[in-house]
Amino acid sequence: SQHFSNLRQHFSFPSIFIYGHTSSGKTYVMQTLLSTLQLPHVFVNCVEYFTSRLLLEEILIKLQSCSGTEQTSPVRCDSLNDFVRLFKQAVASQELQDQTLYIVLDRAEQLREMEANILPAFLRLQELTDTNVTVVLLSEIVWELFRPNTGCFEPFTIYFPDYSIGHLQKILTQNHPPEYSADFYAAYINILLGVFYMVCRDLKELRHLAALNFAKYCEPVVRGEANERDTRKLWKNIEPHLKKAMQTVYLREISSSQWERLQHDGGEPGQLKGLSAHTHVELPYYSKFLLIAAYLASYNPVRTDKRFFLKHHGKIRKTNFMKKHEKTSNHLLGPKPFPLDRLLAILYSIVDERVAPTANIFSQITSLVTLQLLSMVGQNDQLDGPRYKCTVSLDFIRAVAR
Amino acid sequence: MCSCLYKLLCENHPEDECSLCLQKIQEDLNKQLLENLVGFLSRSHSDFQEKTTEWTCRMKFREIPTAALVLGVNVTDHDLTFRGLSGILQDNITPYVALLEAKDCPGIKNLMQKLMGQLMKCDIDVDSLEDEDCVQVSQNRIRCSMSSLISWYESVKKKTDSETPSKKRNSSSRHWQSPPVVVIFKDMESFTTKVLQDFIVISSQHIHELPLVLIFGIATSPMIIHRLLPHSVSSLLCIELFQSLSCKEHLSTIIDKLLLTSQFPFKVGEKVLQVLINIFLYHDFSVQNFIKGFQLCIVEHFYSQPLSVLCCQLVDTKKRACSLSHDQCENIRKLQVLSWLKRLKEETVKLLEDLHVYHENYVLILRCLHVFTSSLPKYPLGKQIRELHCACLENRVWETEEYESSLQLARMLNKTDLVTMLQQCVEILMSSSGKEFDKTSEKLKEFLTQFQNLEAEASQEQDMSVLSQKELQKKTDLYHLQKTLLELKESRRSKKLTKFEMLRFEVVDYIDSLVRKYLIPADDRTLHEVVYFNTASVLREHLNAAPRTALHTALNNPHWYLKNQALKCDGGGISNKAPDICIAYKLHLECGRLINLVDWLEAFSTVVMAAEEPNADAASSDQVDDTIHARFIRAISELELLGFIKPSKQKTDHVARLTWGGC
């Protein structure tokens, strides 16, 4: 024991950078390691503490409760300078000098959004505070994307590789429901991975899906139509169900609770329309025309306007009117910006009756922008006349025009 | 006059009554939606409370319950829905409801600030004002983070648990042990992706400590969720869809309850109603704006129409009529030929009573007619009752072509339809309290029994035809066969009008007679001016303004607004007495996309000089007068301020026209 505490007194590497894909166990491993070895540590999520002040204060607050005895009191820490001072005080008062203290920053990519000095300072906190501290950064992106232009202390990087299908299988099988055998559950996980592994390797999501659909898998067994070893029968029962799940629940087209209810009632998933099924948007009369006009303005070149929208546009030479490559590319190129006047001109020509340029028409354009059906481009000069882009798809416009 | 108007509005409360009625209607309309939502909310977190021990719950990822509330593009109406929603939530489910708007939340920090501010304030509301420390904690001192929100939640939960039951029994029975915290995003479309994502990620990490429920207010389609949130974030949510009533149905109900009733003395004419409906259908789909327009009609009517004094509930009419002043009587006299002053007041009361009876009858018969027209193919008179109402108000509906074709179509209705329609009509007529339609409903019932009798006869007739068929088969002789066939044909032609068809004609004719008797346009009634507001032009000016046109008129033809005779110009000439800006504007209309400032100044000074010294030796002074120069510059900068021109970068001494593309 004496030896071990001596070991803990050694200074560790100042900063460690751990990266790997979503749910490759970075956070879990770190947390388990720190708690089982009972190392003093502070664990902070950088997304949750979105400003540097919040982050620094949170570290100090957590530090107070590190030894777990005292009541926390509010801390005020406005700058990194304060932080270093307060940190030293806290470490001294908590009597943590004789062992390494770990500060783990989860989702560390958020640090890049904060002040420029935060990330370099954390990387060499050991030097700045002159205490035995190691900062661990957890992130989903590589270190190269972090490195500031001005250079900084290079942390020790560790890569967490993705779980292979075998790993996933093992992990998922580990916590099987108590009323069924591990083998039975392992067979189920096998089928599940067979369907979902292609699209999803997120352990959390897979576990969620496994829990959602397990009841359906057990159905034949519960009803006594098959026994636990009857894999083929069970597979036949569950496979189409899982495929349905991939198209609906997995995409959050319908919610998990709705899925469970459906499963429970034995209904067909087809009855419930997903989110994407409700694409129809009811618009006022002129809004429809405005949107159509905006679409035309976005995807038609300006020079064709005269031909399409003027009554007496003279003779049309149809043969060499449009070059081949133009014809195909307009929809692939995406919407082009157009000025307000062009939009109104097209509107006047596509609406049969006379349209008065009332305030209501203009406010409708603005509301289309707030509804994100149009988007405003470059609004730096107010006098320049606003320019817009139409952001809706051809299918949407077809539905509106119907 | 003013005090009189005020008194009227106060005594009468036409608005008050209307708004009360409106409130009720709206509550009823949203009821279903709100009930569904409340059901969802109460389910959302109770699931977890009940079966936390179960394996599935342990294994399942705990998602944030989210209601996607599709409300339609009429954003102005959403406020009311949300207000109703948060009221109901606070009454039934949880005191912790926060309403967030995109414009208040440009960043996650502002969002948290807003959220905590709203939640902690509502805490104060519930617990009265005894815990002063909560009030004193200012925005800046609270750390805007989820952890402080959680500790706040823990503390209020503890407080409600430990509170003496006698004091708070009421509220604690309404809310549960740990009420969910509901966060409503009013306008989902306007929120930035980053803010939403961050908030969802943060709160999903604390869902175990803070039972959060999100409500997304969506104006377009639920697809927006997928557009705003990547899969990694949307997989943290458990989204269920809720759809509100379409705004068109909403409007129909409002019109039905507000206009097609004799409950309120005030009425709107056809043109006015058309303006209101057009604004709704063509521009905004906003029921709130429709109601505001209607209220404007009321105010305008009482303000501009002197006879509106008499627009009141029937019981008050006599009192009002007796207190009419001499001038007011004169006004009435102008409308009609009534000779005696004494008689005039009595006559007026009688006429108004007639008008009221007319309205009652009108509405009933209109509804009956709508029963017929709404089921005809292609709806020649419109599908909605409001269209029919407009048609009837406009002119004599029975003289229109559409009516004629509807009757034609009605004469071809089949029996089952006809019978159900008659039954509906009977129901409508029976619902009225007056005795006017006793006879009518009797008659309709008679028709119904006749139809029933027909059924019995029809079976007999069938036997007959079968018999003749048999006869036909017996005869083999060619001559006889021909003869019988001819006879049969004859009989069929004469019998073309079966009893059913005869009856159908009768019914349609009867309905027609009702229409001709009761659906007379209101303009034909005496004293309709008292209750009908007809000046659509005023309303259009107020509600559907055209700023561009108005600006052009003001600058191009200042006489229109200034009413100064000197400014009256004929044709396209420029009057030199017009304000400088008008002169400059008129001159610039003749220019192209780029305007040379020197030329413009020259032209300007010529026009102005023509006024001041018509016979002075202008030719000698090549230099432009300083005053005129200054006036010109001011006019130009005013035009720039109005957005007609702007300095051009292409040529230094030129300005660019911004309007009408420089023709």
field: Normalised per residue, the volume of the convex hull around the Cα set of the stretch B:528-582 (Å³)
entry: 118
- request: Work out the mean other chain Cβ neighbour count within 10 Å for the residues of A:273-286 and drop it here as an integer.
  value: 6
message: 7 Å from Cα along Cα→Cβ at both B:T449 and B:T192: what's the point-to-point distance in nm?
response: 7.7
statement: So the FRET efficiency between B:N331 and B:H542, C-beta based with R0 = 22 Å and rounded to 0.05, is 0.35
message: Sort A:147-159, B:250-262, B:644-656 by the packing proxy (mean of other Cβ within 10 Å over each peptide's residues), most packed first.
response: B:250-262, B:644-656, A:147-159
- prompt: Convex hull over the Cα atoms of the stretch A:174-271, averaged projected area in nm²?
  reply: 6.1
field: Cα centroid of the stretch B:350-367 to Cα centroid of the stretch B:287-322, whole Å
entry: 17
query: What FRET efficiency comes out for the pair A:V29/B:K121, r = Cβ-Cβ distance, R0 = 45 Å, nearest 0.05?
result: 0.60
query: Between Rg and the Kirkwood Rh of the stretch B:198-253, both from Cα atoms, what is the Rg to Rh ratio?
result: 1.10
- request: Assuming R0 = 25 Å, can you tell me the calculated FRET efficiency for the pair A:K88 and A:L39, based on Cβ-Cβ distance, to the nearest 0.05?
  value: 0.80
query: So how far, in whole Å, is the C-alpha centre of the stretch A:133-203 from the one of the stretch A:210-266?
result: 25
query: Given the Cα-Cα distance of A:Q247 and A:R307 and 0.36 nm per residue of separation, how much length would full extension add, in nm?
result: 17.1 nm
task: Hey, can you grab everything whose amide H is under 5 Å from the amide H of A:V136? Only 5+ residues off in sequence or another chain; H modelled, so Pro and N-termini drop out.
output: A:I16, A:I103, A:V104, A:L105
task: Would you mind giving the three semi-axes, in whole Å and largest first, of the ellipsoid equivalent to chain A according to its Cα gyration tensor?
output: 54, 38, 19
statement: The number of Lys pairs in the stretch B:270-402 whose alpha carbons lie under 15 Å apart, excluding pairs fewer than 8 residues apart on one chain, is 8
- prompt: If each of B:S431 and A:V351 carries a label point 7 Å out from its Cα toward its Cβ, how far apart are those two points in nm?
  reply: 3.6
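Once you average over the residues of A:52-62, how many Cβ atoms of partner chains fall within 10 Å of each Cβ?
2
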message: Quick check for me: using +1 on Lys/Arg Cβ and -1 on Asp/Glu Cβ, what's the dipole size of chain A about its Cα centre, in debye to the nearest 20?
response: 2620
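So between A:T150 and A:K233, what do we pick up on full extension, going 0.36 nm a residue minus the alpha carbon distance?
Details: separation 83, 0.36 × 83 = 29.88 nm, distance 6.32 nm.
Extra length available between A:T150 and A:K233 comes to 23.6 nm.
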- prompt: What nm distance separates the two modelled labels at B:R634 and A:A182, each placed 7 Å from Cα along Cα→Cβ?
  reply: 9.5
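Values quoted throughout were computed directly from the atomic coordinates according to the rules given, and no laboratory measurement underlies them. Note that the structure is predicted; figures quoted are calculated from it, not measured. Ideal geometry is used to build each Cβ from the backbone, glycine not excepted, and the neighbour counts take in all protein chains shown.
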